[in-house]
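Student: Sharing a structure here in structure tokens format.
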Amino acid sequence: QFHMIKYEDLKWDESLGQGSFTRIYRGHKTDIRDGENYTTEVLLKELDAGHKNCWESFFESASLMSQISHKHLLLVYGVSVHGVQNIMVQEFVKYGALDLYLKRGRSVSVSWKLDVAKQLASALNFLEEKHIVHGNICAKNLLLAREGDQSQGISPFIKLSDPGIMVLDRIPWVAPEVLDAPDDLTLECDKWSFGATVWEIFNNGNSPLQGWDLDEKRQFYESFQKLPPSQWAELADLITQCMDYQAALRPSCRSIIRQLNSLITSGNDVRYTELQIIP
Ligand code: ATP
Ligand code: MG
């Protein structure tokens, strides 16, 4: 149900580090079309040998992503199996993960962040219409394909990657109800994660609840706590709606998009340029 890529057609370049269950490399893939060689830069994600039990989830997510297409969803070219190696072959995205990009201290404006939030909401809306749960939305899984340039009116451009392999201790991105019923992922779970991700973006990629241990994080959910609110009341309200402990009360994607649009047109851009959520 997904494209198999010959191991011989892959070329490995430098390591880009580790994921939750993976080792990540930049690389190239060669295709022969009409007798000509074509080379494409790719991202190679090799599943850790120690996590063979995640194999199914890994390939399910590869298969899912390769069947749908949206401009803000990362392209998955296919998978390659070579002996004990399981490799996912994805589109390589130039500026890497959004959290790292923001943490590197690139100063981006509020409208830049809003553009990113809107693009994520449009990807989420697409998935909602297809009744597909992503399950792993966070700034780390937003990849930056274009930096944008405000002086020239060019927006940033993001791609959402990696559905499916949310680790259960990923509080506060994982919706609270998922801790009780991990197999019961719903579209509402993604709304919660969206709220946490927007919080993260407006906090310049710094993780919510950074430095808390797992017990403290669990306690956070058990006592129905909320992340520190943004000073921007309308944004804080949207995040609160998404991160509602009652899943059924979380807004639809259409409502999220409508609210984000009204944030952009409210003319507060300059005043909030240095906006941060101080925990
Ligand atoms: P998870 O399943 O938790 O998302 P992962 O295996 O996807 O784990 P990440 O931590 O998301 O690993 O990614 C590790 C790093 O690899 C990111 O910080 C990012 O910089 C880089 N990266 C991941 N995917 C791509 C891609 N498609 N293009 C360019 N860089 C990428
Ligand atoms: Mg990832």
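The values are calculated or read from the model by the stated rules, or taken from the named source; none is laboratory data. Bear in mind that the values here come from a model prediction, so they are computed numbers and not experimental data. All Cβ positions, even for glycine, are placed from backbone atoms using ideal geometry, and neighbour counts span all protein chains on display. Calculation scope for accessible area: heavy atoms of the full protein, side chains included, ligands and nucleic acids excluded. Shrake-Rupley method; radii C 1.70, N 1.55, O 1.52, S 1.80 Å.
Student: Check which residues have an amide H placed less than 5 Å from residue 73's amide H, if you skip close sequence neighbours.
Tutor: 160
Student: Whole number in Å², please: accessible area per residue of the chain, 1.4 Å probe, ligands, DNA and RNA not counted.
Tutor: Roughly 50 Å² per residue, with all protein chains present.
Student: Cα axis of helix 187-202 to longest principal axis of the chain: angle in degrees, 0 to 90, nearest 10?
Tutor: That works out to roughly 80 degrees.
Student: Check cross-link reach from residue 191 to the lysines: straight Cα distance under 25 Å, and skip same-chain residues fewer than eight apart.
Tutor: Partners found: 71, 103, 113, 118, 130, 140, 159, 217, 226.
Student: In addition: For the range 208-226 and the range 174-206, what is the separation of their C-alpha centers, rounded to whole Å?
Tutor: If we compute the Cα centre of each part, the gap is 13 Å.
Student: I've got another one for you. Whenever you get a sec, compute what percent of the accessible area on the chain sits on carbon and sulfur atoms (1.4 Å probe).
Tutor: Roughly 49 percent of what the probe reaches on the chain is carbon or sulfur.
Student: Calculate how steeply helix 110-129 sits against the longest principal axis of the alpha-carbon atoms of the chain, using the helix alpha-carbon long axis, and give the answer as 0 to 90 degrees to the nearest 10.
Tutor: Relative to the chain, helix 110-129 is tipped by roughly 70 degrees.
Student: Can you give me the C-alpha center-to-center distance between the range 16-39 and the range 43-83, rounded to a whole angstrom?
Tutor: Comparing the Cα centres of the range 16-39 and the range 43-83, I get a distance of 13 Å.
Student: Could I ask something else about it? Build a GNM of the chain with springs between Cα atoms under 10 Å: which of 221, 101, 38 gets the top mean-square fluctuation?
Tutor: 38
Student: Suppose each label sits 7 Å from its Cα in the direction of the beta carbon; what would the residue 258-residue 150 distance come out to in nanometres?
Tutor: Simple spin-label model gives 2.9 nm for this pair.
Student: Here is a follow-up. Kindly state, to the nearest 0.05, the FRET efficiency for residue 179 paired with residue 40, given R0 = 35 Å and r defined as their beta-carbon distance.
Tutor: Result of the calculation: an efficiency of 0.35.
Student: While we're here: Between residue 226 and residue 14, what's the calculated FRET efficiency when r is the beta-carbon distance and R0 is 35 Å? Round to 0.05.
Tutor: Efficiency for this residue pair is about 0.30.
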